[in-house]
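Following: one structure in structure tokens, then a few remarks.
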2 protein chains.
Amino acid sequence: MAALGMGPGAEFDLLRRIFARLGDAAPSDPLGDDCALFKLGGTTLAVSIDSSLEGVHFRRDWLDFMEIGYRSAAAALSDLAADGADAIGLLVSLGVPRADGQEHAAEEIMAGVAQCAQNVGASVLGGDLVRFDRYMLDICVIGSVQRPVRRAGASEGDGVWVTGYLGGAGLALEQLRAGTRPPTALRNRYACPELRLQAGRWLATHGATAMIDISDGLAADAEHLSAASDVGIEINLEQLPRWEGVDALAAAASGEEFELLLTMPPHFSDASVSTFRGDTGVELTRIGVCLRGGGGRRGGVRLLKDRESVTLPPGYDHFRQ
Amino acid sequence: MAALGMGPGAEFDLLRRIFARLGDAAPSDPLGDDCALFKLGGTTLAVSIDSSLEGVHFRRDWLDFMEIGYRSAAAALSDLAADGADAIGLLVSLGVPRADGQEHAAEEIMAGVAQCAQNVGASVLGGDLVRFDRYMLDICVIGSVQRPVRRAGASEGDGVWVTGYLGGAGLALEQLRAGTRPPTALRNRYACPELRLQAGRWLATHGATAMIDISDGLAADAEHLSAASDVGIEINLEQLPRWEGVDALAAAASGEEFELLLTMPPHFSDASVSTFRGDTGVELTRIGVCLRGGGGRRGGVRLLKDRESVTLPPGYDHFRQ
């Protein structure tokens, strides 16, 4: 997810062409960050917009309506976490099919949105309702941020860290695809992901140099961070904190985890990690290091397993059409 | 258009039910205003989200892609005008059909959005791009406001005023429906509506007591204002400033005009009107007066023609499905 959502390849090119057309109305840093930032008085605001579309981002046989609302809001709010922002509120444009005997659906969806918003102290500020052939949520999130952390900012020598445990969302999705209902805790990794706003703020105020939320998968999002910061990134797959039953490659590929991938200066200590865990209740694990970039094209991400470089199997693409 | 978009009857009821479910996450004044307002530091922010959907809000045989972008942005930004706000920026979630030989469409649409944003000094802050079966824009607008004017606030004796000339959008739409291309100036009333942000700010700082933008039609939006302010409203149709070739009833029914309907204290003078015209280049016309409300249910809007009460023919409903 991004202030300007980056899909793979072709869509990224399209976005570049779009921004070439915007002229003076274009943001100064349009591509490649989770939120757009702007100053207002003494405050920096962070904003982002995020689409969740039935058949692309969710399926009604996998999620109930409250979960659809919750998950869509979580995906949008996660962009604030990635910048180290506080959530203020969100606006929802909700598309609902006409008269399919699901009149309660809009209420349920919005109740899920509201639940997720409340969990991070945000309000539902407004919305729009439109009749549509599928369920669709466009959610605009607004936050404030004291020390914004962007994707650019990592330096050679910085440690690479990740919050929580990876692979649960992918495993849950795999089971849903296979037609089995995952155990509740696993299912919730997909249906009601925990948000990392508090963790993001903590990390921002304790010196994080670059940060992104894991929406495309650790490996793919590390590429984004590497490109934006112009550093190489080396990740030791053995060190990945993994959901039970998930192997390291699957954990590195699993998308929509909504955990944070970040870099910290080399001196970030074990004592600090303990403080983080105590303050947030969230795990924090060092998984790699930033290397010399070497001019944009080089660098990139190297995944190591038993000290050997490995490549990810064909990417996790949730079920984007 | 509204912070929480109000469609007619049934949708309004649905929104009420939705908000009953939101609990503490609900805004304090969720329904019946153009923007949601919240304070941040010393600033009051105004935000709104607005959907424009192919086949509902626009048709591709009536508008080119730049116009689709321009008009969708104008509809969203008009909510800021209605609150007397300054535009800061907007975020766009853009749905585009896959590979229909219209790869340039997204660029053209965003160029139209950007043009409209630039015209009112706003930036395109970010967006999301999603593959879709139809063209769709969800636009979230963000502004700041020094003296917000809401729909509630009109008192007995206040004058009822309107900016610009009414009926052009409806007439253009009528001609488009009939398969004829309207003359450019008329067509632009529909395709590239002028925004009233400067006018809205002027009116807000010069004492406007209540304000709304005309999206559902003057008569319908006067009802919203009357209900929110708990006043009766009497409008003299002869006084409506009308687009050439439009009769008074059509002007009162024409939707998506994006002019401002507002109330001013009784002492608002002809000299002030002249100043307004000089400062903004926009017409301002007194068309009626606020009467005693009488407790919510009574009051409402009375349209007078030759001093007789008239009713509007079946409402203008653009081409909502």
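The values are calculated or read from the model by the stated rules, or taken from the named source; none is laboratory data. Model, not experiment: these values are computed from the prediction. Neighbour counts are summed over all protein chains in view; Cβ atoms, including those assigned to glycine, are modelled from backbone coordinates with ideal geometry. Remember, those area values only see protein heavy atoms, side chains included, never the ligands or the DNA or RNA. Shrake-Rupley method; radii C 1.70, N 1.55, O 1.52, S 1.80 Å.
Please go through the stretch A:208-247 and pick out each residue that is open to solvent by 40 Å² or more (accessible area, probe 1.4 Å), small (Gly, Ala, Ser) and on the phi > 0 side of the Ramachandran plot.
A:245
Have a look at B:205, B:184 and point out the one that is farther than 30 Å from residue B:42 by Cβ and open to solvent by 60 Å² or more (accessible area, probe 1.4 Å). Before the answer, list the steps.
Numbers: B:205 fails: farther than 30 Å from residue B:42 by Cβ.
Among B:205, B:184, only B:184 is farther than 30 Å from residue B:42 by Cβ and open to solvent by 60 Å² or more (accessible area, probe 1.4 Å).
Among all residue pairs at least 6 apart or on different chains, which show Cβ distances below 6 Å where the first residue, located in the stretch A:199-224, is of a type in the set (Asp, Glu) and the second is at pLDDT below 95 and not in a strand (DSSP E or B)?
Once the first residue is of a type in the set (Asp, Glu) and sits in the stretch A:199-224, its partners that are at pLDDT below 95 and not in a strand (DSSP E or B) give A:216/A:255.
On the basis of being at pLDDT below 95, touching a strand residue (DSSP E or B) at 6+ places or on another chain (Cβ under 8 Å) and either of a type outside the set (Val, Ile, Thr) or surrounded by fewer than 23 Cβ atoms within 10 Å (Cβ to Cβ) (or both), does residue B:254 make the cut?
Working: at pLDDT below 95: yes; touching a strand residue (DSSP E or B) at 6+ places or on another chain (Cβ under 8 Å): yes; either of a type outside the set (Val, Ile, Thr) or surrounded by fewer than 23 Cβ atoms within 10 Å (Cβ to Cβ) (or both): yes.
Yes; evaluated as a whole, the condition is true for this residue.
For the stretch A:74-97, state whether one or more residues are outside any strand (DSSP E or B), touching a helix residue (DSSP H, G or I) at 6+ places or on another chain (Cβ under 9 Å) and open to solvent by 20 Å² or more (accessible area, probe 1.4 Å).
no
Could you count how many residues in the stretch A:146-179 are over 26 Å from residue A:300 (Cβ atoms) and not in a loop (DSSP other than H, G, I, E, B)? Outline the logic, then answer.
Pass one, the stretch A:146-179, residues over 26 Å from residue A:300 (Cβ atoms): A:146-147, A:168, A:171-179.
Keeping just the survivors that are not in a loop (DSSP other than H, G, I, E, B) gives A:168, A:171-177.
The total comes to 8.
Taking the stretch A:53-71, which residues are open to solvent by 10 Å² or more (accessible area, probe 1.4 Å), within 13 Å of chain B (Cβ to nearest Cβ) and not in a loop (DSSP other than H, G, I, E, B)? Reasoning before the result, please.
Looking only at the stretch A:53-71, we keep the residues that are open to solvent by 10 Å² or more (accessible area, probe 1.4 Å), and these are A:54-55, A:57, A:59-62, A:64-67, A:70-71.
This time we only want the ones that are within 13 Å of chain B (Cβ to nearest Cβ), so: A:54-55, A:57, A:65-66, A:70.
Listed by number, the residues that qualify are A:54, A:65, A:66, A:70.
For the stretch A:136-159, what are the residues that are crowded, with 24+ Cβ neighbours inside 10 Å and out of contact with any Ser or Thr (no Cβ under 8 Å at 6 or more places or on another chain)?
Matches in the stretch A:136-159: A:142, A:143.
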